[in-house]
1. Please give me the summed charge of the neighbours of Tyr35: other residues whose Cβ is under 11 Å from its Cβ, Lys and Arg +1, Asp and Glu -1.
2. Based on the alpha-carbon gyration tensor of region 535-665 and its eigenvalue square roots a ≥ b ≥ c, which shape applies: rounded if a/c is under 1.5, prolate if not and a/b is larger than b/c, or oblate?
3. How long is the gain from Gln448 to Glu468 if the chain were fully straight, where each residue apart is worth 0.36 nm and the alpha carbon distance is subtracted?
4. Within the set of other residues whose C-beta is less than 15 Å from the C-beta of Phe160, count the net charge using Lys and Arg as +1 and Asp and Glu as -1.
5. Quick one: net charge around Arg459, please, counting Lys, Arg +1 and Asp, Glu -1 for every other residue with C-beta under 13 Å from its C-beta.
6. How many angstrom lie between the C-alpha centres of region 617-689 and region 350-423?
7. Treating only the Cβ atoms of Lys and Arg (+1) and Asp and Glu (-1) as charged, compute the dipole magnitude of region 296-375 about its Cα centre; round to the nearest 20 debye.
8. So what's the back-of-envelope 222 nm ellipticity for the chain, counting only DSSP H runs of four-plus at -39500 (n - 2.57) apiece and dividing by all residues, rounded to 500?
Amino acid sequence: MSILFSEHAKTFHLYNQEISYIMTVLPNGHMGQLYFGKRVHHREDFSYLYETAQRPMSSCVYEDDDILSDGYSLSLEHVKQEYGVYGTTDFRRPAVEILQPNGSRICDFKYKRHEIMGGKPGLAGLPATYTEDGGEAETLRLILEDSLTGVILELLYTIFVRGGILARSAKITNEGKEALHLTTAMSLCMDLPDYDYEWLQFSGAWARERHLKVRKLEQGIQAVDSRRGHSSHEHNPFIVLKRPSADEFQGEVIGFSLIYSGNFLAQAEVDTHDTTRVLLGIHPMGFDWKLERGESFQTPEAVMVYSQQGLNGMSQTFHRLYQKRLARGYWRDRERPILNNNWEATYFDFTEDRLVEIAEKAKECGVELFVLDDGWFGERSSDHAGLGDWAANTERLPRGITGLAERIEELGMKFGLWFEPEMVNEDSDLYRAHPDWILSTPERSASQGRNQYVLDFSRKEVVDCIYEMMAKILSEAKVSYIKWDMNRSITECYSKVLPPDRQGEVFHRYILGVYDLYERLNTAFPRLLFESCASGGGRFDPGILYYAPQGWASDDSDAIERLRIQYGTSFCYPISSIGSHVSVTPNHQVFRNTPLSTRANVAYFGTFGYELDLNKLTEEEQKIVKEQIVFMKKYRKLLQFGTFYRLLSPFEGNLTCWMVVSEDQKEAVIGWYRTLSHSNLPFARVRLHGLNPDFCYEEQNTLETHFGDELMNIGLITSDGMSGQVEGCTGEYGDFDSRLYILKALPQNERKD
Ligand code: GLA
């Protein structure tokens with residue numbers, strides 16, 4: 001890995017074994033983009049890659065007498081750039097826009113100097129990928145200046161030793177004489193030379209998050225975004241461009257991911273000369289950040305991953321990076337506790353004894369962590385009251401959280417607790433004391449969502465107050481886990497303490513407040529395991545992953561619905577981050593009946609747990625649950641931290657298949673799922689991936705043995721011919737069927753070839 005600068009050609013080459021990223025200082029001093037893709041040889045001069053054209057009629061000439069390259073005047077419209085601005089001959093959407101005191105928004109950022117450093121600097125107040133020692137990555141800081149306003153633009157590029165990863169961000173500092181307004185500041189601008197790509201996005205709604213949508217890039221703009229104050233159920237701050245011929249296993253793919261939890265825009269603009277500009281960052285709509293003299297604005301970080309090994313190759317790189325160098329702390333590399341959450345078991349209807357009853361059975365079955373969800377605090381007997389009053393309701397819990405936690409610990413389990421720190425009900429002591437603490441526009445009505453308001457987390461005193469309440473409980477009671485929920489989008493986003501010309505900062509300041517609270521709690525309680533949640537997967541993004549290494553992926557706990565949700569989630573996020581539980585049938589969201597085995601077979605590929613009262617299962621079912629937990633404990637390291645491959649997509653057919661392989665390739669678990677059953681089925685094989693071709697694997701249920709090359713080239717035989725017509729069929733082979741195949745490599749002397 002290296003970052004090389006050629007003084008005479010003014011080109012930068014960032015490369016590792018897999019990728020090259022090449023830029024140049026353009027004749028007018030702007031930064032130009034030359035190449036991003038598979039690693040190429042280094043040369044001292046890459047300037048031949050700079051192509052420009054003054055095209056008849058449409059082009060305007062960037063005004064500067066001495067800019068003539070090969071007889072052509074410079075028109076930025078036709079130049080690939082690093083951080084494009086609008087209005088000085090480029091007409092595409094810009095990476096940065098600054099409103100100046102004279103009303104102009106024109107900027108002209110020219111290269112001044114650069115620095116190259118080992119490792120990767122942190123981004124103040126923001127989540128970001130990191131290195132553990134300086135040798136893991138190198139960072140280039142480009143420093144540009146707009147001489148008229150005195151604004152300094154710093155572009156940060158980090159290349160890691162391993163993986164096709166480039167992390168980027170920008171910092172804008174007002175070193176001029178007057179205050180300015182930053183109205184666009186994207187984290188990444190990437191101009192690609194063509195548009196022969198398919199665009200992949202991960203979209204949906206509450207209870208059907210991150211469904212894969214694919215379409216061909218076309219001239220014009222395609223985008224996904226959030227203006228809801230959280231990354232949202234609707235779209236994820238993650239898009240992929242893949243060559244049409246690329247698939248899960250081969251071909252060129254670039255993933256773009258934003259490490260941020262608030263309003264975002266992910267956009268591709270294809271111009272009529274077929275180049276593609278990707279922009280990723282904070283949504284410019286409504287964004288307006290005032291920069292007084294000497295003040296800076298730091299954008300969130302964006303990560304690009306290039307893969308020639310198709311979508312799985314890209315996902316595996318994201319998984320490794322986000323698991324090891326974004327998530328942090330005590331739980332980062334640890335197997336996650338198997339939990340039992342009471343939400344779908346009781347909703348708001350519980351007493352302490354009832355909870356202990358559920359926990360006792362959970363303990364008997366092997367569960368390690370009991371989680372008390374909503375309803376334990378203030379006057380919270382429904383979702384109409386209590387949010388904001390973070391002290392136990394002693395009618396329900398006579399000895400408070402301390403007492404309940406003690407009883408759970410005495411059973412030999414850990415105890416976890418639900419909070420929704422950012423919210424307040426009108427019917428709460430907190431709201432009665434501080435009605436001005438909510439986000440709302442003066443003299444207009446404030447919209448409620450799930451009967452609640454959003455606290456103004458841009459205000460330090462609000463965050464302080466919530467921190468104090470939470471920290472009190474966490475210091476008094478033995479709490480090992482927190483489920484941090486966020487159950488509505490932000491409307492009427494206005495802070496009562498900021499002046500009118502800073503109201504465009506509130507959405508971002510809000511998220512900084514959320515990050516601050518997370519950071520303080522992480523620091524004060526370093527062993528606490530955080531699980532994020534926002535009505536399920538409404539804030540499942542890399543920003544939150546920095547503070548909470550796992551997230552409740554969706555409120556839809558039905559196994560068949562979860563196939564799509566978890567499959568879609570896996571494109572960017574590691575399996576160890578995907579909160580997934582077994583729940584009752586008929587399922588509470590879609591009223592579907594699925595076999596208990598299938599519910600577990602889906603939930604194993606995640607953090608695993610139960611969202612039900614195990615007392616209500618039959619003895620036979622409880623026995624199965626015990627076996628499931630034994631299985632998960634045995635294989636969870638592999639399931640959560642192994643290399644994950646998507647094999648068959650639920651977005652394409654009736655079958656879903658995925659697998660994980662251990663790093664040493666000696667163990668693998670394959671999850672196979674069939675949505676609907678059919679009779680007289682064809683023969684079927686699934687080709688596996690990631691195995692060692694020379695290892696002989698024994699399937700642990702059938703004890704059949706096959707070499708890795710057989711399983712990867714011929715395939716694993718999954719035929720079941722006459723299913724549905726077998727006499728005495730118990731439903732095991734009916735709809736919503738699933739199987740696990742467990743492979744173990746035999747030691748050399750036990751091979752049965
Ligand atoms: C949200 C969460 C659920 C549950 C409820 C409690 O909907 O996604 O898992 O915690 O809130 O009110």
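FYI, it's all coordinate maths here, none of it is from the lab. Owing to the predicted nature of the structure, the values given are computational and were not obtained by experimental measurement. Neighbour counts run over all protein chains shown; Cβ positions are idealised from the backbone, glycine included.
1. +2
2. Here region 535-665 falls in the rounded category.
3. 4.7 nm
4. The answer is +1.
5. Surrounding charge for Arg459 is -3.
6. 33 Å
7. It comes to approximately 840 debye.
8. -5500 deg cm²/dmol
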